[in-house]
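One structure is given here, and the rest of the page talks about it.
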Amino acid sequence: MKNFLTAGVFALAFAVAAPAAAIAAEYKVGDITIVNPWARATPGAARNGGAYLTIRGGASGDQLTGVEADIAMRTEIHGNKQENGVMKMYKVESIEVPAGGMAMLKPGGFHVMLMKLKRALKEGESFPMTLSFAKAGEVTVAFKILGVGAMKGGKGANHDSHGSHGKMKMK
Ligand SMILES: [Cu+2]
């Protein structure tokens with residue numbers, strides 16, 4: 001009887017959670033929340049891809065210290081800076097998640113760089129990535145692959161074809 005009851009609770013929880021997941025994907029780990037992890041589809045033979053997410057801080061701050069995805073040979077956290085009119089990417093060791101605030105990884109700013117992709121990122125598919133936080137620990141979340149020109153994940157996703165990631169040069 002106890003097993004049956006547990007199964008019933010799970011089924012109910014799933015039924016309630018499913019419609020919400022269609023609007024915004026959210027994952028809780030410790031004190032923080034991962035919102036709408038997504039990546040851009042890669043055109044043709046592109047070897048690198050960008051992945052993005054929003055991290056909501058809890059009562060205390062935290063840091064994103066590591067990213068790892070099987071889909072790429074190497075995964076790094078990158079920032080962007082303007083140098084002589086050219087956007088350049090640089091590697092960062094961690095990203096600060098402020099208490100009660102948000103850290104945003106988005107096109108044109110901080111992002112997860114998927115280097116030497118083992119396969120192309122195809123729109124409509126998703127892939128897992130493990131995120132490590134200094135305090136909250138590790139969590140594996142599904143990154144949804146949006147269109148090549150997508151600028152924003154989740155509900156407000158649009159298809160701006162002027163995305164700049166492809167024009168950036170590695171340092
Ligand atoms: Cu990059």
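The values are calculated or read from the model by the stated rules, or taken from the named source; none is laboratory data. Given the structure is predicted, the values throughout are model-derived calculations rather than measurements. All Cβ positions, glycine included, derive from the backbone under ideal geometry; neighbour counts span all protein chains shown. For accessibility, only protein heavy atoms count, side chains too; no ligands or nucleic acids. Shrake-Rupley method; radii C 1.70, N 1.55, O 1.52, S 1.80 Å.
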Report task. Among the residues of the stretch 84-132, write down those that are in contact (Cβ under 8 Å) with a residue 60 or more places away in the chain and away from the ligand (no atom under 16 Å from the Cβ). Result -> VAL97, ALA120, LYS122, GLU123, PHE127, THR130, LEU131, SER132
**Report entry** Enumeration of residues in the stretch 133-154 that are over 12 Å from the mean Cα position of the chain (by Cα), open to solvent by 30 Å² or more (accessible area, probe 1.4 Å) and not charged (D, E, K, R)
**Finding:** ALA134, VAL148, MET151
